[in-house]
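Taking it in order: structure first as structure tokens, then the write-up.
Every number here is computed from the coordinates shown, using simple stated rules; none is lab data. Every value quoted in this text rests on a predicted model; they were computed, and no experiment measured them. Cβ: placed from backbone, ideal geometry, glycine included. Neighbour counts: every protein chain shown.
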Amino acid sequence: MNERSSEHPHMGLKTTRSDSVAVLSVSGDVDLSSAPLLEEEALGLLDEDLSGLIVDLTDVHFLASMGMALLVDLSKRAADSVAFAVVAEGNATARPLELLGLGDVLSIHPRLEDALAAVKPAEMPEK
């Protein structure tokens, strides 16, 4: 698994890869000042040869509306070529996404394992 990370005063980003799936783990606050860094990192990943991208919000303490709009935009950009999922659980992330009805737009999972299962390419059966 490859790994890289980026820092912002209020937010941390760490990217790991498992085969052709990238997991972008976010920590801290996703707000007006930090969302552009998240966007830059995620768009860079979408430019790579991936079958899936997961944005893991497990360690996010505050998710502003700009962050939620960014998730929707990333989902739309990924739709044609890359499976996209979000890991969110709890009052800081899952609750606001749920209240805005974004579960109808985004593939949201409470655990990383669930998101990985959802985006991993199906195994080809042996002949």
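Some notes on this structure:
- Additional length obtainable on full extension of the chain from residue 17 to residue 51, 0.36 nm per residue less Cα span: 11.1 nm
- ³J(HN,Hα), Karplus 6.51/-1.76/1.60, whole Hz, each residue of region 72-83, x for Gly, Pro: 5, 4, 4, 4, 5, 5, 7, 3, 7, 10, 9, 5
- Between residue 99 and residue 112, the modelled label-to-label distance comes to 2.8 nm, taking each label 7 Å out from Cα in the direction of the beta carbon.
- In terms of its C-alpha gyration tensor, region 2-119 has a rounded overall shape, because the principal axis ratio a/c (a ≥ b ≥ c, square roots of the eigenvalues) stays below 1.5.
- Where the alpha-carbon atoms of region 37-98 are placed on the principal axes, they occupy 33, 19, 18 Å, in descending order.
- Contour excess over end-to-end distance, with Cα ends at residue 43 and residue 59 and 0.36 nm allotted per residue: 3.7 nm
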